[in-house]
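Nothing in this text is a laboratory measurement; each read-out follows from the coordinates by a stated rule. It should be emphasised that the depicted structure is a prediction, and the values quoted were computed from it without experimental measurement. Don't worry about glycine lacking a Cβ; one is built from the backbone with ideal geometry, like all the others, and counts go over all protein chains shown.
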There are 2 protein chains.
Amino acid sequence: MITTVIANGKDEYSFIDALKLRSNSGAKDVSGIVSDIIENVRKNGDKAVYDYTLKFDGKAPLEVEISADEIDRIIECCDKDYIKTLEKAAANIEDFHKRQIQQSWLTTKENGVIMGQRVRGLERVGLYVPGGTAAYPSSVLMNAIPAKLAGCREIVMTTPPSKDGTPNPDIIAAAKIAGVDRIFLMGGAQAVAALAYGTEQVPKVDKIVGPGNIFVATAKKLLYGVVDIDMIAGPSEILIIADKTANPKFLAADLMSQAEHDRLASSILLTDCETLAQKVKAELTRQCALLERKEIIEESLENYGAIIVCSDMSQAIDFANELAPEHLEVCCENPMEYVGKLDNAGSVFLGNYSPEPLGDYFAGPNHVLPTSGTARFFSPLSVDSFVKKSSFIYYTESALKNDAEDIVRFANTEGLTAHANSISVRFEE
Amino acid sequence: MITTVIANGKDEYSFIDALKLRSNSGAKDVSGIVSDIIENVRKNGDKAVYDYTLKFDGKAPLEVEISADEIDRIIECCDKDYIKTLEKAAANIEDFHKRQIQQSWLTTKENGVIMGQRVRGLERVGLYVPGGTAAYPSSVLMNAIPAKLAGCREIVMTTPPSKDGTPNPDIIAAAKIAGVDRIFLMGGAQAVAALAYGTEQVPKVDKIVGPGNIFVATAKKLLYGVVDIDMIAGPSEILIIADKTANPKFLAADLMSQAEHDRLASSILLTDCETLAQKVKAELTRQCALLERKEIIEESLENYGAIIVCSDMSQAIDFANELAPEHLEVCCENPMEYVGKLDNAGSVFLGNYSPEPLGDYFAGPNHVLPTSGTARFFSPLSVDSFVKKSSFIYYTESALKNDAEDIVRFANTEGLTAHANSISVRFEE
């Protein structure tokens, strides 16, 4: 069910290319359909949203917003222990993310010059949350809490109704705990369009975040520029680097926790120990048989899973930096020593007791991470994702006079003489 | 040549829509041609770049990299005073941007938990610099200096050869002063593709920044995801808010400094003083006649210029926040008081002696700014644009044991039982 490769500097790199390409494979192009939906919602507002909800979800509410009373009533039926778990997770996420908050600043220079950078939260953010089997309350926490900490004035969530016309209660509970201000019962490309343009009932937002199916992802892509969006996530990945001190039982479990996501998920183990590789292979077979989602796991491991035996750990590090995985576990002696060497990864899990699901749900760092090798240049979702910055410049007459000759020379060299004129006109007789 | 509107809460807002849409108007779709160029460069590397350079630029070098000796020889022929101006501007830009540098951090929690966020520069950044009449050395400084400060290991610049096969010396001088590491003589979509995929001579980069024509912009858009890119800039804008204390001569000069950029540039004045509006109108006519680029200025003012007389300054502020202009000048008494009220703008210029060209060339803040109303959610180019972040988590056995029950409950609620297994397997007998 999983390939074992002896690293030879060739096979494993062709494997990287295959992994990076898998995000495009099989996705049908729905941009025609989605364009029509967007255009219809832009023109006809709530009426269009209503029609699409009826068509795609079965039952459609006339009033799409869920009232505060109704929210409380819905949450009543959630498991009380689960609510406590959500609250603990939310506290950890808030504690980690508050350290990312950037301050506005100013600096002064001679002649009374003042300059600076203002940092402030986006006015209104829209959070899309899928329904059905892909309904993940953890994703509500991970998206809404950083937006709240960034100082966004209003966080608006939208989630599709289930067949009976109601929302998933766990999602609603997570939204309330995370500080979501308003919740709308609508899904799909129509919900994304409603957030981007606003309708009679739905307010227009500045940025849309959150996962979704191909229709939601395509709508976000098409509306990028009208609003800001987050990264479009590809299939999930884990890369584990392990030496002989690692526990094969743990490693097998962690590889499969990634593999269960979907058939395109990728789980790779790199080790310098061939005995460990064999033991992990055996553990995969043993544990997989006991798991609910074993068919998905088997298919994902078969297609995109691998155990690669490296000549040494530095070869493993090079491979990890080249792959730039979303999740990277280090199950080695002295794991902290790897922090400065692993340059490309969304999130790094260090040691034998930091399994990836700890980060998915609980520890505090964000679980919205760059996929498909984009950790080479993209970053995890963070408070930064929900702020806008602007600079300001205040010059005095004497300060501008000091620099006037240089600025005029610069403008003239670039052939922009009206730029030069705007300086010199201020010092004409 | 310019429209005067008395604000009525309707006309000026339909004007905003027209402005935001102008970036799409008239741009032909070259994605077919550009796709072919990208594919050819990806397959055939330097050979393809050579062929396109020959075809589009007239003369093509076999070796695309400009050697260090040649760089020094080229700079020899630049004006010495201009070099000094470039150096002063570079020092100001560095001084402002170094305040944006973010530090990696870590935090510890009970039971020996360590978590943190690593911030580091992208490995290699590519800077595209147009040739011909759109060759702006200021743009080299504004793009390369923040990348350098971010800690990028290598900054690679590419610029097309002129008809005689040589680069623009001022561009080369700015590159050396800004700390660009390697310079390649190639332009157009082929240069962008070479940076994204790498060729025999050109190294692959992680992010491509810098302005360019429709072919360059389209290539960047198509390659987004293979590499990161900066914002695709729309036409330039200035909005000036002025009260009766402002100088009409200055205001007219500043409006035209924006208008001279191109026929799609937009220059708008908002004031609560009708007398001032009339005086600025007269000054526009007077000064425009004296300016080299007067035809562009007249056309731009005619189409996208306006003087809007507001009922009071708070109406002007509302309009500014709605328009979210790239450049925003405040020529009012006590201009610093506006800093906290202007929420959407790329860069804010305060007072009668902070004209927009001061920011284009010299003061220090970046001149690469969000256009077409996107300052509602985008930020100026900054050191942040050239870093990647990742989080790391180190949990001890006792720390994970403490949280195990919550994590298992969370995973099971989401139906991800292999996630739950990865926690529980660690505490089995």
Expressed in µm² per second, the diffusion coefficient of chain B from the Stokes-Einstein equation, with Rh the Kirkwood radius over alpha carbon pairs, at 10 °C and 1.306 mPa s, is 66 µm²/s
May I ask for the net charge around A:Leu122, where only other residues with Cβ less than 9 Å from the Cβ of A:Leu122 are counted and Lys, Arg are +1 while Asp, Glu are -1? +3
Cα-only Debye scattering, the range B:351-403: base-10 log of I(q)/I(0) at q = 0.16, 0.19, 0.21, 0.30 Å⁻¹: -0.68, -0.83, -0.92, -1.14
Per DSSP H run of n ≥ 4, the term is -39500 (n - 2.57); total these for chain A, divide by its residue number, and report the mean residue ellipticity at 222 nm rounded to 500 deg cm²/dmol. -14000 deg cm²/dmol
Length gained when the stretch A:Asn111-A:Asp164 is fully extended (0.36 nm per residue, less Cα-Cα span): 12.2 nm
Phi-based couplings in Hz for the range A:146-158 (Karplus 6.51, -1.76, 1.60; Gly and Pro marked x): x, 5, 4, 5, 5, x, 4, 6, 9, 10, 10, 10, 9
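Most exposed first by the Cβ proxy, i.e. fewest other Cβ within 10 Å, how do B:His367, B:His261 rank?
Numbers: B:His367 26, B:His261 22.
Ordered from fewest to most neighbouring Cβ atoms within 10 Å, B:His367, B:His261 come out as B:His261, B:His367.
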Taking Cα atoms, the helix B:274-288 axis meets the longest principal axis of chain B at an angle in degrees (rounded to 10) of 90 degrees
DSSP-defined antiparallel bridges as percent of all bridges, the protein assembly as shown, nearest 5: 25 percent
Expressed in whole Å with the largest first, what are the equivalent ellipsoid semi-axes of the range A:70-193 derived from the C-alpha gyration tensor as the square root of 5 times each eigenvalue? 35, 17, 10
Pop the C-beta distance of B:Arg73 and B:Thr245 into the FRET formula with R0 = 45 Å and round what comes out to the nearest 0.05. 0.30
Going from the fewest other Cβ atoms within 10 Å to the most, one would list A:Val34, B:Val119 as B:Val119, A:Val34
Inter-probe distance in nm under a simple model that places probes 7 Å from Cα toward Cβ, at A:Lys88 and A:Glu429: 8.2 nm
Suppose the Debye formula is applied to equal point scatterers at every Cα of the range B:250-308; what is log10 I(q)/I(0) at q = 0.13 Å⁻¹? -0.27
Kirkwood-based Rg over Rh for the protein assembly as shown (C-alpha set), two decimals? 0.98
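For B:Ala289, what is the net charge nearby, where nearby means another residue's Cβ is under 13 Å from its Cβ and Lys, Arg count +1, Asp, Glu -1?
Within the 13 Å Cβ shell, the charges total -1.
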Residue order, fewest to most surrounding Cβ atoms within 10 angstrom, among A:Thr166, A:Thr285: A:Thr285, A:Thr166
Residue-count net charge about B:Ala135 - beta-carbon cut-off 12 Å; Lys, Arg +1, Asp, Glu -1: -2
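Taking Cα pairs under 8 Å and at least six residues apart, what relative contact order does chain A come out at, in percent?
On the way: 833 pairs, mean separation 88.5, N = 429.
Relative contact order for chain A comes out at 21 percent.
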